[in-house]
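Engineer: Right, I'll just put the structure down here and ask away after.
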Amino acid sequence: MLTDISINSRLFKATILSLSLLTIMAGAVVSPALANIAHAFSEEPYWKIKLVLTMPALFIIVFALLNGKIALLFSKKKVTLVALILYILGGAGGGLSTNLEMLLVFRALLGISVGLLMPLATGLIADFYSGETRANLMGKSTATSNLGGIIGTLISGFLAEITWQASFTVYLLAVPVFIMALIFLKDPEVPKSVNTTPLSLLKRPLLVSWMFMAFLTMIIFYTVPVNIAIYIEQMNFGESSLSGVAVSLLTGAGFVAGLSFSKAAKFFGSFFLSFCYFMISAGFLLIIYSPNTFVLLTSLFVLGLGLGWTVPNIFTEAVNSVPDGYGVAAMGFITPSIFLGQFFSPIAVDFAYKLAGLSNIKGPFIIAFVFSMLTFVVVTFFNSKTHRKRSS
């Protein structure tokens, strides 16, 4: 074990970033195999088949909340290693399932592992680094996470053509990550000057504000994955396969945004978050008025850039709002906020959609545009007040 490895070494940074490679791909990466799974378990109702994709999210929310306490009670390296073992068993084990109930148990196990892993993936960056290095690695963490989604979905889609069981072997990507963590990862120093508990962090208004921002941002953004396929079909922009290209473009834009996050943060300064929500708003406006496929795909890239910059922004500000050494605990609250936002997005948008009396296919995107513009206005207002205070 190279426990004396420098935290500034490329191997150490690569080890921490490799954790992010596994997070975004966890739930939906086997979606290309869903039709084959439904065929294999044809006696089961389709709502139960869809739990294959949604089951992990429920356990991610629960165990991400618990992880703040777990990471303070136990070695963060050991928690990471246990999470990776559960990830391999719960992920690849799905391919060994002989019935749907067994498959759902493996999916629940995967959710537990990701609930432990996601706060660690970004929280360890906060615990080991500060300032510009922290911001840079937060951006790269988002980029790595999106890269994992792209790679995982492509491999899974290819393997699903062989057999649905084969698509679950994509989770074996966690094996080299486990080996890297076993050899190179070490525990951050435990802060001695601060005596607090993860739950008491909720008394910090700034952290609660960033939890709400994460929740709201996911409600806005998830309007796209939920509605884009039917939008493309009804607007006659292309075949159903174009929706896959659209979602991949969003992920690709998030990858580009993550890599450029640190430089973009320097360029836009204190108004960076405002610009992010402006980009998201512009993306939705372009979707609404897209005259052709090219403009639609351009709008999705703009939207993906906006979100790709917003997420590490929220991560960075959230961990900056808590004492040193409590980064994982802070991310234990941000992670559930993200998944709750994803869950409630169709419900909230549909409610606002009906309340506004909208009836066409553009309605959900109009609601998302209004939400994002209101967020842009509020964030810009508070940024302006903060900027004036600093100037005076």
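The values are calculated or read from the model by the stated rules, or taken from the named source; none is laboratory data. Quantities reported herein were computed from a predicted structural model and do not represent experimental measurements. Here the Cβ positions follow ideal geometry from the backbone for every residue, glycine too, while neighbour counts run over all protein chains shown. Ligands, DNA and RNA are excluded from the accessible area calculation, which covers all protein heavy atoms including side chains. Shrake-Rupley method; radii C 1.70, N 1.55, O 1.52, S 1.80 Å.
Engineer: Which ones in segment 353-384 are in contact (Cβ under 8 Å) with a residue 40 or more places away in the chain and in contact with a Pro (Cβ under 9 Å, 6 or more places away or on another chain)?
Structural biologist: Of all residues in segment 353-384, those in contact (Cβ under 8 Å) with a residue 40 or more places away in the chain come to 361-362, 364-369, 371-373, 375-376, 379-380, 383.
Listed by number, the list holds a single entry, Pro364.
Engineer: Is segment 88-100 home to any residue that is assigned to a helix (DSSP H, G or I), at pLDDT below 85 and closer than 27 Å to Thr142 by Cα?
Structural biologist: Quick first cut of segment 88-100, residues assigned to a helix (DSSP H, G or I) only: 88-96, 100.
Still in the running and at pLDDT below 85: none.
No, segment 88-100 has no match at all.
Engineer: With the structure loaded, tell me whether Ile361 is surrounded by fewer than 23 Cβ atoms within 10 Å (Cβ to Cβ), among the aliphatic types (A, V, I, L, M) and either modelled with pLDDT under 85 or within 23 Å of Phe267 (Cα to Cα) (or both) or whether it fails that test. Steps first, answer last, please.
Structural biologist: Working: surrounded by fewer than 23 Cβ atoms within 10 Å (Cβ to Cβ): yes; among the aliphatic types (A, V, I, L, M): yes; either modelled with pLDDT under 85 or within 23 Å of Phe267 (Cα to Cα) (or both): yes.
Considered against the rule, which asks whether it is surrounded by fewer than 23 Cβ atoms within 10 Å (Cβ to Cβ), among the aliphatic types (A, V, I, L, M) and either modelled with pLDDT under 85 or within 23 Å of Phe267 (Cα to Cα) (or both), Ile361 comes out as yes.
Engineer: Answer yes if at least one residue in segment 71-83 is aliphatic (A, V, I, L, M) and under 26 Å from Ser248 (Cβ atoms), and no otherwise. Outline the logic, then answer.
Structural biologist: Here is the first cut: in segment 71-83, the ones aliphatic (A, V, I, L, M) are 71-73, 79, 81-83.
Okay, now just the ones that are also under 26 Å from Ser248 (Cβ atoms), so none.
Taking every residue of segment 71-83 in turn, none turns out to be aliphatic (A, V, I, L, M) and under 26 Å from Ser248 (Cβ atoms).
Engineer: Among residues belonging to segment 147-156 that are open to solvent by 20 Å² or more (accessible area, probe 1.4 Å) and touching a residue at least 12 places away in the same chain (Cβ under 8 Å), point out the one that is farthest from the chain's Cα centre (by Cα).
Structural biologist: First, pick out the residues of segment 147-156 that are open to solvent by 20 Å² or more (accessible area, probe 1.4 Å): 147, 150-151, 153-155.
Going one step further and asking which of them are touching a residue at least 12 places away in the same chain (Cβ under 8 Å), we end up with 147, 150-151, 153, 155.
Values: Leu147: 12, Ile150: 13, Ile151: 15, Thr153: 15, Ile155: 20 Å.
Ranking the qualifying residues of segment 147-156, first place goes to Ile155.
Engineer: Now for a different question. Just one of Ser75, Ser31, Ser97, Ser9 is of a type outside the set (A, V, I, L, M, F, W, C), crowded, with 17+ Cβ neighbours inside 10 Å and under 29 Å from Gly123 (Cα atoms); which is it?
Structural biologist: Working: Ser75 fails: crowded, with 17+ Cβ neighbours inside 10 Å; Ser97 fails: under 29 Å from Gly123 (Cα atoms); Ser9 fails: crowded, with 17+ Cβ neighbours inside 10 Å.
Of Ser75, Ser31, Ser97, Ser9, the one residue that is of a type outside the set (A, V, I, L, M, F, W, C), crowded, with 17+ Cβ neighbours inside 10 Å and under 29 Å from Gly123 (Cα atoms) is Ser31.
Engineer: Report, by residue number, each residue of segment 20-61 that is in contact (Cβ under 8 Å) with a residue 24 or more places away in the chain and among the basic types (Lys, Arg).
Structural biologist: Answer for segment 20-61, where residues must be in contact (Cβ under 8 Å) with a residue 24 or more places away in the chain and among the basic types (Lys, Arg): just Lys48.
Engineer: Tally up the residues in segment 257-297 that are in a helix (DSSP H, G or I), of a type in the set (Ser, Thr, Tyr) and closer than 24 Å to Leu374 by Cβ, please.
Structural biologist: Taking segment 257-297 and keeping what is in a helix (DSSP H, G or I), we get 257-288, 293-297.
Still in the running and of a type in the set (Ser, Thr, Tyr): 260, 262, 270, 274, 277, 281, 293.
Filter once more, so that each one left must be closer than 24 Å to Leu374 by Cβ: 270, 274, 277, 281.
So the count comes out to 4.
Engineer: Okay, moving on. For segment 84-130, name all the residues that are under 16 Å from the mean Cα position of the chain (by Cα) and over 17 Å from Thr15 (Cβ atoms).
Structural biologist: Leu110, Gly111, Ile112, Ser113, Val114, Gly115, listed by residue number.
Residue-wise test of (1) polar (S, T, N, Q); (2) surrounded by 20 or more Cβ atoms within 10 Å (Cβ to Cβ).
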{"residue": "Lys50", "(1), (2)": "no, no"}
{"residue": "Thr80", "(1), (2)": "yes, yes"}
{"residue": "Ala83", "(1), (2)": "no, yes"}
{"residue": "Leu89", "(1), (2)": "no, no"}
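Engineer: Right, next: Filter segment 115-146 down to residues that are β-branched (Val, Ile, Thr) and more than 22 Å from Leu250 (Cα to Cα) and give me whichever is most open to solvent (accessible area, probe 1.4 Å).
Structural biologist: Residues of segment 115-146 that are β-branched (Val, Ile, Thr), as a first pass: 122, 125, 133, 142, 144.
Remaining after also requiring more than 22 Å from Leu250 (Cα to Cα): 125, 133.
Numbers: Ile125: 1, Thr133: 55 Å².
The selected residue is Thr133.
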